[in-house]
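> Take this structure first; my questions come after.
What follows draws every value from the coordinates through simple rules; no lab data is involved. Remember, predicted model here, so these are calculated numbers, not experimental data. Reconstructed Cβ throughout: ideal geometry from the backbone, glycine too, with neighbour counts over all protein chains shown.
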Amino acid sequence: MVRYADPGVEWVESGGGPLIAVPETVLPFWAGADSEDLDTDYDRACEVDGYVGLLPVGDSAALVLGDEPAATTYLADRNTFVRWSAANSEGELLAGARAALGTADWGTELRWHVPGPVVLFDSAWPGMESDREQHLRVPLEAGTYGVRAAYAQPEPETWVGLVQLRRIA
């Protein structure tokens, strides 16, 4: 986990591959790159095309944050994963992200059913990795969520990826 200027915001970084949000209940089933299979879970995550995708894990699904391995945080008050592509500071990026939520050109919405909280981490790592420094727990309530993604440029030098969750009744 990385902290920049704002002590209340925690960021997860990747070693080069996609980040993934896996429901806590199925973390033991995510092997990451540590597998003897020809197609590892990490390979499956790398095959996701676009900003987001869903992969089966156990009896649930994980949300893959694709496109680029950008540092990512979760803004609970906006139900949004924020991906740092370019900005002069964390403050500029977060302000730009909040401003972009209302004007972003959102892609097709996915439906994601989660059994409860999820953990965001580098998809190359096994889900039960004991070192949780580079993991971010997102306390989602069990249910179905609409997931939409966008890439926005709210300021000339600020580029941000957005992945917003919308609870579906």
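> If we keep just the residues of the stretch 147-169 that are out of contact with any Leu (no Cβ under 7 Å at 6 or more places or on another chain) and small (Gly, Ala, Ser), which is surrounded by the most Cβ atoms within 10 Å (Cβ to Cβ)?
Gly161
> What are the residue pairs meeting all of these: first residue in the stretch 97-109, first residue within 11 Å of Val82 (Cα to Cα), second residue surrounded by fewer than 19 Cβ atoms within 10 Å (Cβ to Cβ), Cβ atoms under 7 Å, and 6 or more apart or on different chains?
Arg98/Arg78; Leu101/Arg78
> Within the set of pairs 6+ apart or on separate chains, which have a first residue in the stretch 59-81 that is over 18 Å from Gly143 (Cβ atoms), a second that is buried (at least 20 other Cβ atoms within 10 Å of the Cβ) and of a type in the set (D, E, K, R), and C-beta atoms under 7 Å apart?
Leu65/Arg83; Ala70/Arg83; Thr72/Arg83
> Can you tell me how many residues within the stretch 15-45 are β-branched (Val, Ile, Thr) and either touching a helix residue (DSSP H, G or I) at 6+ places or on another chain (Cβ under 7 Å) or surrounded by fewer than 17 Cβ atoms within 10 Å (Cβ to Cβ) (or both)?
So in the stretch 15-45, the residues β-branched (Val, Ile, Thr) come out as 20, 22, 25-26, 40.
Subsequent filtering for residues that are either touching a helix residue (DSSP H, G or I) at 6+ places or on another chain (Cβ under 7 Å) or surrounded by fewer than 17 Cβ atoms within 10 Å (Cβ to Cβ) (or both) retains 20.
The qualifying residues number 1.
> Hey, another quick one. Out of the residues in the stretch 111-146 that are touching a Pro at 6+ places or on another chain (Cβ under 6 Å), touching a residue at least 60 places away in the same chain (Cβ under 8 Å) and hydrophobic (A, V, I, L, M, F, W, C), which is surrounded by the most Cβ atoms within 10 Å (Cβ to Cβ)?
Val118
> Output the qualifying pairs, or none if there are none: Cβ atoms under 9 angstrom, residues six or more apart or on different chains, first residue in the stretch 154-169 and hydrophobic (A, V, I, L, M, F, W, C), second residue loosely packed, with under 12 Cβ neighbours inside 10 Å.
Filtered contacts from the stretch 154-169: Ile168/Arg111.
> Among the residues of the stretch 44-53, write down those that are within 20 Å of Val26 (Cα to Cα) and either in a loop (DSSP other than H, G, I, E, B) or free of Cβ contacts under 8 Å to residues at least 60 places away in the same chain (or both).
Arg44, Val48, Gly53
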